[in-house]
1. Which residue pairs have Cβ atoms under 8 Å apart, sit 6 or more places apart or on different chains, and have a first residue in region 105-130 that is buried (at least 21 other Cβ atoms within 10 Å of the Cβ) and a second that is part of a loop (DSSP other than H, G, I, E, B)?
2. Report the residue count in region 77-91 for those that are exposed (fewer than 15 other Cβ atoms within 10 Å of the Cβ) and assigned to a strand (DSSP E or B).
3. Check N39, N5 and return the single one that is farther than 30 Å from Y90 by Cα and at pLDDT 75 or above.
4. In region 32-67, which residue that is part of a strand (DSSP E or B) and in contact with a Leu (Cβ under 6 Å, 6 or more places away or on another chain) is nearest to T97 (Cα to Cα)?
5. Would you pick out the residues in region 63-88 that are polar (S, T, N, Q) and out of contact with any strand residue (DSSP E or B) (no Cβ under 8 Å at 6 or more places or on another chain)?
6. Within region 92-115, track down each residue that is within 17 Å of G52 (Cα to Cα) and either assigned to a strand (DSSP E or B) or among the polar types (S, T, N, Q) (or both).
7. Can you find, within region 68-87, the residue that is nearest to D46 (Cα to Cα) among those that are among the small types (G, A, S) and over 16 Å from the mean Cα position of the chain (by Cα)?
Amino acid sequence: MTKRNKSVFIVLLLLILTGAAIFLFCCNQAGFTGSRVKNPVEYLLDIEKMNGTDLHTLELREGDVLQIQFEAEKGELYMEIKAPDGTAVYRGNGKETTDFTLNIRESGIYTVVVEARRAKGTIHIQLESF
């Protein structure tokens, strides 16, 4: 291989690596496409595409019941619901159990943490009415 061919090869390799790095950066950039509702009694995400983390808090009372629908259709989607003391009362990826209830045993502020990577899916958390 001549010196000129080596130089061309190195330039092409650098261009390919730069393009790949830009592509990966754009694909993994934080963002959300879909609909999102956050209020004191519900947290609704209909995700078309999501990368990153989203948080919501719910002020709940002992005896409340949350109705939860959680389904990951594509990518990686993880949800955790934390009690007022920071312990997890639910952790999941939306692939096994997709429709369930969660009984609240302690009054206080509960935090919902959603982490997504190239995700598509649904998370509906609503306070059940009596």
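The values are calculated or read from the model by the stated rules, or taken from the named source; none is laboratory data. Fair warning: this is a prediction, and the values are worked out from it, not measured in the lab. FYI the Cβ positions are ideal-geometry reconstructions off the backbone, even for glycines, and counts take in every protein chain you see.
1. Y110/A83; Y110/P84; Y110/I104; G121/G94; I123/G94
2. 3
3. Criteria check complete, one pass: N5.
4. Going through the qualifying residues, I end up with L66.
5. T87
6. So the first thing to find is which residues in region 92-115 are within 17 Å of G52 (Cα to Cα), and the list is 92-94, 111-115.
Residues satisfying the conditions are G92, N93, T111, V112, V113, V114, E115.
7. If we filter region 68-87 for residues that are among the small types (G, A, S), which is where we start, we get 72, 75, 83, 86.
Checking the rest, the ones that are also over 16 Å from the mean Cα position of the chain (by Cα) come to 83, 86.
On the way: A83: 24, G86: 26 Å.
In this case the residue turns out to be A83.
Residues checked against (1) over 21 Å from R117 (Cα atoms); (2) surrounded by 10 or more Cβ atoms within 10 Å (Cβ to Cβ); (3) at pLDDT 95 or above:
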| site | (1), (2), (3) |
| --- | --- |
| T18 | yes, yes, no |
| I22 | no, yes, no |
| C26 | no, no, no |
| A30 | no, yes, no |
| Y43 | no, yes, yes |
